[in-house]
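Accompanying notes for the structure given below.
The values are calculated or read from the model by the stated rules, or taken from the named source; none is laboratory data. In this text the structure is predicted, and so the values were computed from the model without any measurement. Don't worry about glycine lacking a Cβ; one is built from the backbone with ideal geometry, like all the others, and counts go over all protein chains shown. SASA here: full protein model, heavy atoms, side chains in, ligands and nucleic acids out. Shrake-Rupley method; radii C 1.70, N 1.55, O 1.52, S 1.80 Å.
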Amino acid sequence: MSDTPNSPVARKSSITEHALTLSDRRIRYTASAEWQTLFDQENPVAEMFHVAYLAETDEATTRPLTFVFNGGPGAASAYLHMGALGPKRIYFDANGGLPKPPVRLVDNLESWLSFTDLVFIDPIGTGFSRSLPANKDKQDKSSETPSSTEAEKPKEVEFWEVERDLKALGEFIQRFLSRHKRWLSPIFIAGESYGGFRVAKLARKLQQEFGIGLSGAILISPALEFSLLGGNDYNLTSWATLLPSLAAAAAHHGRAQWAGEPGDLSAHMAVAELFARRTLIPLLAMGNALTSEERQSAYQQIANLIGLPLSLVERQAGRVDIEVFSRELLRDRQRIVGLYDASITAIDPFPDRTVYQGIDPTLDGLDRLFTGAINSHLRDTLGLETDLTYHLLNLETFKAWQFDLKGELKQGFIGAVDDLRIGMTLNPYMQVYITHGFFDLVTPYFASNHLADLLKLDPEIRPNLTLKHFQGGHMFYSWDDSRQQWFTEMETFYRNAIA
């Protein structure tokens with residue numbers, strides 16, 4: 001049966017009872033896999049799919065409630081759902097390696113259900129979330145015939161825009177709180193990657209426009225300012241914020257010249273961070289005004305830190321992008337490193353070609369795991385019935401996404417740090433936690449460190465902001481040690497946020 005937005009599709013929501021057995025207790029909970037309708041001027045326009053895990057307790061209103069989403073844009077919530085936070089998770093090798101098929105699901109002893117109820121939200125066009133056909137009366141009254149281009153566009157496209165996406169999430173959260181009588185619960189939001197961008201924006205918008213006070217906001221591998229996501233000859237800071245992650249990956253693979261004691265990753269990264277700020281930014285800013293000796297000295301330091309040949313660093317003029325690094329670090333072994341987790345390697349399928357033409361082992365390689373896991377969990381464990389296809393990562397959404405903020409790009413680019421700052425001042429009790437994996441080259445940890453240092457928070461609320469990073473990549477929680485450490489950190493974070 002077709003699952004296009006304008007076709008009727010067989011589906012049936014599911015509400016089931018379960019229990020999660022931990023070492024010290026047993027948590028009984030209800031799992032609801034349902035669609036929630038969104039409206040525009042009282043007309044239903046979309047149905048947002050979500051899975052809610054609500055623990056059985058006599059004091060539900062005092063238990064924290066966390067709304068969770070991923071990024072992309074175009075990604076469903078399955079990554080955080082089945083990778084880290086939900087009661088079931090994918091089994092990974094100890095250091096985040098991809099196990100052989102078939103995917104295995106295990107009880108998640110680090111599930112956040114231990115200390116918060118969880119609602120995993122799939123934005124429109126992802127997961128099982130879809131827009132609804134246009135109102136028939138409205139269609140009949142319209143005398144205009146849509147162009148062929150407009151007719152071909154999926155109805156979801158109106159939701160694939162920054163502000164409309166945020167509005168949909170805000171409306172969903174409002175309606176969920178009303179349906180489940182949870183307006184008095186401590187409310188948290190958590191998002192990964194572009195989902196971290198959403199969290200920063202919603203930290204302001206939920207409080208200012210939807211009347212939802214937040215106890216905490218968790219930003220996981222966030223993309224906060226898009227100007228830092230890609231460098232060029234004229235945008236210099238992104239090269240500096242990327243360098244410590246390149247250095248960490250090179251040291252992990254034994255290719256860097258250790259800046260401290262051999263094996264001391266923290267010391268090596270600390271030197272890379274200092275070099276990035278004090279030397280690399282001024283070096284790039286000087287351009288042709290540098291002497292050849294100054295330039296050569298800096299290039300040698302870069303080569304030592306990130307494990308690439310000096311000749312390559314010279315050819316790149318000190319600007320080593322992630323694709324070049326991924327291809328060249330282990331090229332003598334015919335291996336590439338992952339962009340989202342540079343500790344992970346894969347065979348280079350075309351080692352003799354000038355330009356790399358393979359795939360990213362840490363994004364494309366994960367698809368089989370998360371697609372299998374979420375479909376099995378929803379359809380088998382939770383008993384959901386639907387003919388819809390679960391869109392784990394909808395590339396149509398990614399390609400069609402609109403970043404137009406209707407003239408609100410005050411600094412010339414899209415960003416969310418100003419919104420986060422306003423959200424923290426609107427509510428001086430809200431706790432904020434930003435976390436990354438050291439080996440993530442796509443949203444490098446040092447970009448968030450850099451932005452936090454520029455945030456200019458009042459001393460009264462600066463303690464409300466925590467930055468903590470772990471070994472691993474974009475999804476550092478696939479590493480056993482990192483997931484366990486993060487779980488302990490978040491238990492404390494929630495306890496302090498609601499104290």
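Annotation: per residue accessible area for the chain equals 44 Å², rounded to a whole number [probe 1.4 Å, protein chains only].
The label-point distance for residue 255 and residue 389, in a model that sets each label 7 Å from Cα toward Cβ, rounds to 3.6 nm. Positive contributions from Lys and Arg (+1) and negative ones from Asp and Glu (-1), summed over other residues with Cβ under 12 Å from the Cβ of residue 221, come out at -3.
Working note: Cα atoms of the chain, range along each principal axis, descending, whole Å: 72, 63, 50. Under 1.5 on a/c is rounded, so check that first for region 151-233, then, if it is not, pick prolate when a/b is larger than b/c and oblate when it is not; a ≥ b ≥ c are the square roots of the alpha carbon gyration tensor eigenvalues. Here region 151-233 falls in the oblate category.
Give the range of the longest stretch in the chain that excludes all GluC sites (Glu not before Pro) found in loop regions by DSSP and having at most 13 other beta-carbon atoms within 10 Å.
Numbers: sites that count: 42, 56, 59, 144, 408, 460.
Result for the longest clean stretch: 145-407.
Taking the protein heavy atoms of region 191-344 in the context of the full set of protein chains, the accessible area attributed to carbon and sulfur is 46 percent at 1.4 Å. Taking each of 201/456; 155/205; 167/399; 88/155 in turn, the alpha-carbon distance tops 22 angstrom for 155/205; 88/155. Over the chain, dividing the summed -39,500 (n - 2.57) contributions of all DSSP H runs of at least 4 residues by the number of residues returns a 222 nm mean residue ellipticity of -9500 deg cm²/dmol. Put the Cα centre of region 29-47 next to the Cα centre of region 432-499 and the gap is 32 Å.
Only one residue of 258, 27, 268 has its Cα farthest out toward the positive end of the dipole of the chain, where Lys and Arg carry +1 and Asp and Glu -1 on Cβ, and that residue is 27. Distance between the C-alpha centres of region 94-110 and region 338-352: 20 Å, rounded to the whole angstrom. Counted residue by residue at 0.36 nm each, then reduced by the alpha carbon distance between them, the extension gain from residue 323 to residue 132 reaches 64.8 nm. For region 232-335, the list of chymotrypsin sites (Phe, Trp or Tyr not before Pro) that fall in a loop by DSSP and count at most 10 other C-beta atoms within 10 angstrom reads 234. About its Cα centre, region 224-351 has a charge dipole of approximately 140 debye under the convention of +1 per Lys or Arg Cβ and -1 per Asp or Glu Cβ, with nothing else charged.
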